[in-house]
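The values are calculated or read from the model by the stated rules, or taken from the named source; none is laboratory data. Predicted model, so just to flag it, every value in this text is computed and none were measured. Here Cβ is always computed from backbone atoms with ideal geometry, including for glycine, and neighbour counts include all displayed protein chains. The area values use the complete protein model at the heavy-atom level, side chains included, leaving out ligands, DNA and RNA. Shrake-Rupley method; radii C 1.70, N 1.55, O 1.52, S 1.80 Å.
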Amino acid sequence: MPTKKDKLILGTAGAVGAGILSWRAFFPWIGYDLRMMKNGGNAGKKLMADQVNKRFLINMFEEAVEKYPKKPFIIFEDRIYTYEFVDQQTNRVANIAAKWGLKVGDCLQKLGIAVAFINFHIRGQPLIHTLKASEAKALIIGAGDYILPKIEEVRGELGDLPIFIQGQPLMVGPAYTSLPKPAIISQAKAIGMSKFFQLFYFKPSDIVYTVTPLYHSAAGVGLMSTLDQGATMVLRRKFSAQHFFEDVRRHNVTVLQYIGELCRYLLAVPESPLDSKHCCRVAVGNGLRSDIWEKFKNRYKIPQICEFFGATEGTNKLDPTPKLLVKVDVDTGDAIRNKKGLCIPVATGETGLLLGTIPPNYQNLQFYKGGREINEKKVLRNVVKEGDAFFNFGDLLSSEGRAGMAAIHLEGNMQLTPKVLKDIFNHCKENLPNYSRPLFIRFPKEESVTVTHKQQKTQLRKDGFHPENIDDPLFYYNEAAGTYTPLTLDNFQSFLTKSRL
């Protein structure tokens, strides 16, 4: 029979269980939150231990080389690169760099030298700016005809910077919508990034699949987490919705990374009996919208989805660090201030600019390579009180807002007809609340997404809705006509007079 102590323990356990069930009635996600808090605590302990012991990325890599020399580190285009092989190659590159006279502080982990990952899609002035801002002492590029012509175009602007193509020097002659901003990843931040996958207990036996370029921070998180655990990473030169899950199945992937609209593209692929035939246990990334979250999870039978929010150059993310939503001019993106020069917190449900506290010891930290001006653009000072500083995420958040414009790209040979406009109008009216119905729609010839599959909302927002600034077919929500009506230079003034914008 149970003792009095046993009964007390059982009674307490029952009360706790009932308490959790009671909380779940009001907060259905509390179970996930508790699990994430536990996993986050585990990741935090490992992060602090590595920082105290100065276990940097190169230490993680060399530990993996010693433990798993013959194990696949990188799988790329069906070629396997073991930890041992990559170590041999990095030693060769380090020896070359040493002969160049590069030293600590110059811009190779093997020598304690910093490495700048450069977007290989940029060219012209943005490329010149990036190379100069990185303060690189040498440039190494791969063979082939994709990158070299871009370097040739600007070689006259690079001074005496030595350029090497797989070890052979290229003699350099004498001396997007905005310039790229090279974000600084310190060793401390790299250690933190290497622990992110511990939120779902990433292990040495895991295999992660990423299709984003390695210069992008999302791929960087995957790479650093792989180094931390001595796991395996599968790369692909370019994203393919058709072959995505083929790769996942072929390489026994257990963790897949997504970003931007990638999951929406995967849902557009015709359904197959093989959709759920894989070993993937977690999908991790950012940009998975709520309207397709469950569809993606259920169709591909993904047990867990780990969505995160943050900025590569930021000092915080969605964590316990104090956050603030302040009033903002939606046209300029600038915070609105009161008579005292301080920012104004938003009311519940009101659109606001997301800010994150910058601790005092981080307030002079450089987020980007470059001058003070470029770094100050990410900092808002005197927000709540004189002398404080907040990181500006640049994102507008609210629980309710008004949809402005939707950009719709018609696939294949689909024609824009009055019926299509009528169907879109009816779909919006029947399925969306009033504030979510786009006031305007435009039909660009090309899909407006970045190389990492994110929508180019900034440029679309800058374009506004004046027909003079938009070459695409442009229409407005016409309640009276029951459709979307063309908005042209001829009827623009009349529209403004009659509308209630």
Next item on the list: Restrict the check to segment 156-173 and report whether at least one residue is open to solvent by 20 Å² or more (accessible area, probe 1.4 Å), at pLDDT 85 or above and not β-branched (Val, Ile, Thr).
Entry: yes
Check: When only residues in segment 335-376 that are of a type in the set (Asp, Glu) and farther than 19 Å from Leu397 by Cβ count, which is modelled with the lowest pLDDT?
Finding: Glu373
Margin query: I'm trying to understand the selection: among the residues of segment 69-93, which are loosely packed, with under 14 Cβ neighbours inside 10 Å and part of a helix (DSSP H, G or I)?
Written below: Gln88, Gln89, Asn91, Arg92
Check: Within the bounds of segment 205-223, is there any residue that is more than 17 Å from the chain's Cα centre (by Cα) and open to solvent by 20 Å² or more (accessible area, probe 1.4 Å)?
Finding: yes
Notebook entry, point to check: Which numbered condition trips up Asn426, out of (1) modelled with pLDDT of 65 or more; (2) in a loop (DSSP other than H, G, I, E, B); (3) not basic (Lys, Arg)?
Noted result: (2)
Notebook entry, point to check: Is it true that some residue in segment 249-264 is hydroxyl-bearing (Ser, Thr, Tyr), open to solvent by less than 40 Å² (accessible area, probe 1.4 Å) and out of contact with any Ser or Thr (no Cβ under 7 Å at 6 or more places or on another chain)?
Noted result: yes
Checklist line | Boolean, Asp291 is open to solvent by less than 30 Å² (accessible area, probe 1.4 Å), assigned to a helix (DSSP H, G or I) and not hydrophobic (A, V, I, L, M, F, W, C) | finding: no
